Amino acid sequence: MNDFIMINEKTPMENGYRNGVSKNGHANGLPKAENVNGANGKSAIELERPIAIVNPRPAAAVKEQRAQLRGIGVVGLGYWGPNWVRNLHQSQAARRIIACDLDQKRRSHVSQLYSDLETTSHFEDLLNDNDIEGIVVATPVGTHYAMAKRALEAGKSVLVEKPMATSNEEANDLVKTAREKNLVLMVGHTFEYSAPVLKMHDIIASGELGDVFYISSVRANLGLFQRDVNVTWDLATHDISIILNLMGGREPEAVSCQGESHYGHGVEDVAMLTLRFERNVIAFIHVSWLDPDKIRRTTVVGSRKMLVYDDTAPQEKIRIYDKGVTAQKYYDTFGEFQFSYRYGDIQIPRIEEKEPLFCECEHFVNCIKSGQTPNTDGVNGARVVSVLEAANYSLRRGGLMVPLGAALR
């Protein structure tokens, strides 16, 4: 069936269940579809979509560097929040660090670890504190947009964990608000600050692998099941971020996704995404909460060499294989046609690793102090949300290939 989808830039989608993310713990969102046409034997589904913001927030004038911020807040002390508190404390990023969570047990837990840490159960305390210059939002995905929006409107720079929002409309609104307020908006795409991913980016950019043919990524383990997002919005966010980084910021032309829910009442626990880029480059992402082994592996196949990144390896996380296939350029008959295979050495580049979250923490603080645009700014985050949104629409349509709308530049 030659189905395709045209995504037009119109009015925002309706609220409620959407895009694999739900504020009520479910993940069976369904965008509104209209205008089903039949032309030339094909069916086109027109999906309403907000207009994308084209340009990133312009870099503000560089400010005079300060040794510390006056204060920084962390809202959400579940899984990632305490890690942010730890890294902010270790880096001595601010004179005051305030942690916010509704759960008294979580507040008490982090208070016992850091004697000078301030805690509160009221988000408004962070918004109304003039010392607080930046806020890290590490709450459930369904609350990211609302909390980041309130923080920006209160004049605070924001780092919001991935994904930054549950729709392209929300992501664009955060980018617009940060630009209008001249504040830093950064997204927690932690792997873009990891040494192996940075090394991979440099290797690909140098042309050592030749032309990239395809990228294959697997992120699987047994658990951790999420209640507010499906496996695509939970795990594939990392791989989409990594792949867009490796592709130099290029967005895919189209996305498809297939998945299934086995335990979560409509919350998919296994999925396969396909991202099609220009010049015949394709990327595959397999994500699962049901795999017996923990797998974090990315393979990049180029015209000259191939690269494998295994994040679970204790050492030698990247291997470059001098392997390839060459087709004979000239032949008279099919019988003369043959491939030539090359088997060369395996290269293991040296990587000096540092905790990615610490690097991310330092970068956020430095961006607040200097006014520079983060490497993973709001536009970067909106690109990832755009891919996730298209993937989720495809997921609800049995894997239909969905072209992306206007790219964010």
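Among residues of the stretch 120-150 being open to solvent by less than 50 Å² (accessible area, probe 1.4 Å) and assigned to a loop (DSSP other than H, G, I, E, B), the one that is nearest to Leu185 (Cα to Cα) is Ala138. Check whether at least one residue in the stretch 150-172 is closer than 14 Å to Val74 by Cβ, over 14 Å from the mean Cα position of the chain (by Cα) and among the aliphatic types (A, V, I, L, M), and report yes or no. Looking for residues that are closer than 14 Å to Val74 by Cβ, over 14 Å from the mean Cα position of the chain (by Cα) and among the aliphatic types (A, V, I, L, M), one finds at least one in the stretch 150-172, hence yes. Checked against the criterion of being at pLDDT 95 or above, open to solvent by 30 Å² or more (accessible area, probe 1.4 Å) and of a type in the set (Phe, Trp, Tyr), the candidates Phe277, Phe284 yield just one match: Phe284.
Within the set Ala93, Ala44, the sole residue that is modelled with pLDDT of 50 or more, open to solvent by less than 20 Å² (accessible area, probe 1.4 Å) and more than 23 Å from Asn380 (Cα to Cα) turns out to be Ala93.
Okay, residues lined up against (1) in contact with a strand residue (DSSP E or B) (Cβ under 8 Å, 6 or more places away or on another chain); (2) at pLDDT below 95; (3) surrounded by fewer than 24 Cβ atoms within 10 Å (Cβ to Cβ):
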position: Arg342; (1), (2), (3): yes, yes, yes
position: Asp345; (1), (2), (3): yes, yes, yes
position: Arg350; (1), (2), (3): no, yes, yes
position: Leu357; (1), (2), (3): no, no, yes
position: Glu362; (1), (2), (3): no, no, yes
position: Cys367; (1), (2), (3): yes, no, yes
position: Asn375; (1), (2), (3): no, no, yes
position: Asn380; (1), (2), (3): yes, no, no
position: Leu388; (1), (2), (3): no, no, no
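Residue pairs whose Cβ atoms lie under 7 Å apart, separated by 6 or more positions or on different chains, with the first residue in the stretch 148-165 and more than 18 Å from Ile368 (Cβ to Cβ) and the second in a loop (DSSP other than H, G, I, E, B), are Lys162/His189.
Quick one: would you say Lys199 is open to solvent by 30 Å² or more (accessible area, probe 1.4 Å) and out of contact with any helix residue (DSSP H, G or I) (no Cβ under 6 Å at 6 or more places or on another chain)? Criteria met by Lys199.
Within the stretch 177-188, residues that are hydroxyl-bearing (Ser, Thr, Tyr) have Cβ atoms under 6 Å from residues that are crowded, with 24+ Cβ neighbours inside 10 Å in these pairs: Thr177/Leu152, counting only partners at least 6 apart in sequence or on another chain.
The values are calculated or read from the model by the stated rules, or taken from the named source; none is laboratory data. Everything quoted here is computed from the prediction, not taken from an experiment. When we count neighbours, we look across all protein chains shown, and the Cβ atoms used for this are built from the backbone with ideal geometry, even at glycine. All accessible areas refer to the heavy atoms of the entire protein, side chains included, with ligands and DNA or RNA removed. Shrake-Rupley method; radii C 1.70, N 1.55, O 1.52, S 1.80 Å.
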